[in-house]
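J.: Here's a structure for you.
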Amino acid sequence: MSHASHPRAVVPAVLAILALLAGCQSAASPEQPEEVEAPQDEVDDGAGVPETLEFVLPRSCQDILPPDRLDSLLSGNIDLLRGPGSGSADTVYPEGPSPQEERGGISCLFGNLEETETLTLSVAPMTQTSRAEVIDGLLAQQLNPGQTSDGVLTYWIQGDADTVPAIYNAVYPDAWYEALIFPGGRLAYEDSSALVAQMRQHTTERAN
């Protein structure tokens, strides 16, 4: 027998022995079925449930903005001139209560002593009926209608540096916010929009 033909003769014998051993092992130790873990009940931790917020009307102009934003606003030549907590008995508007005050809300006038730079912040609670009336009134002022990404109706005008203030209104189902800044213009409009967002954030809390 040559060396070249010897491996071919051994291979079948080796395979036969391995098959025999495998058969004996299978007979001696039958394969156990795999254990399947019982599915565990998922715990619902509330994730994915929208958070319910509740509007809380501020009673003072000292509480209409977050404390850090209010401090920033009053850090220069701007003071709280009129409105609850200002120490002044005068109304924000010379002609009488603001539309927000007429609906049970508050208005606050911030500005320099000469009132050449002013910022009026207002907020009032809303009902379904009063909300429709407020929207009609804002449209009558020919303000630009808009809508935020989360569906809040807005009414605004950019204004200018001479005569027209920047005005930004946001009408939520439960509250109406307005920021009015003079002189107006693009930067004033951006500030008014940011201030309304900060008022909203500060005047809502998680409902129990």
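The values are calculated or read from the model by the stated rules, or taken from the named source; none is laboratory data. Worth saying up front: this structure is predicted, and the values here are computed from it rather than measured. In this analysis, Cβ positions are derived from the backbone assuming ideal geometry, glycine residues included, and neighbour counts consider all displayed protein chains. Side chains are part of the model used for accessible areas, which takes the heavy atoms of the whole protein and leaves out ligands, DNA and RNA. Shrake-Rupley method; radii C 1.70, N 1.55, O 1.52, S 1.80 Å.
J.: Would you mind counting up the charge near PRO99? Only other residues with Cβ under 14 Å from its Cβ, with Lys and Arg at +1 and Asp and Glu at -1.
T.: Details: positive: ARG103, ARG131; negative: GLU95, GLU101, GLU102, GLU133, ASP136, GLU178.
Charge balance near PRO99 sits at -4.
J.: Under the classification rounded if a/c is under 1.5, otherwise prolate if a/b is larger than b/c and oblate if not, where does segment 61-206 fall, given a ≥ b ≥ c as square roots of the Cα gyration tensor eigenvalues?
T.: On the way: a/c = 1.40, a/b = 1.25, b/c = 1.12.
Rounded is the answer for segment 61-206, as its axis ratio a/c remains below 1.5.
J.: Hey, another quick one. Show PHE182, PHE110 ordered by accessible area, largest first, where the area counts protein heavy atoms only and the probe is 1.4 Å. Write down the numbers at each step before the final one.
T.: Working: PHE182 60, PHE110 0 Å².
Ranked from most to least accessible, the order is PHE182, PHE110.
J.: Counting pairwise Cα distances across segment 91-149, what percent come out greater than 15 angstrom?
T.: Numbers: 1058 of 1711 pairs.
Counting every Cα pair in segment 91-149, those more than 15 Å apart make up 62 percent.
J.: Quick check for you: with a 1.4 Å probe and neighbouring chains kept, what is the accessible area per residue of segment 61-206, in Å²? Walk me through the numbers before you get to the answer.
T.: Values: 7340 Å² over 146 residues.
The answer is 50 Å² per residue.
J.: Using a 1.4 angstrom probe on heavy atoms only, work out the carbon and sulfur share of the accessible area of segment 84-182 in %.
T.: Numbers: 2530 of 4910 Å².
Within segment 84-182, the accessible surface is 51 percent carbon and sulfur.
J.: What accessible surface, in Å², does a 1.4 Å probe find on ASP162, ignoring ligands, DNA and RNA and rounding to the nearest 10?
T.: That residue has around 120 Å² of solvent-accessible surface.
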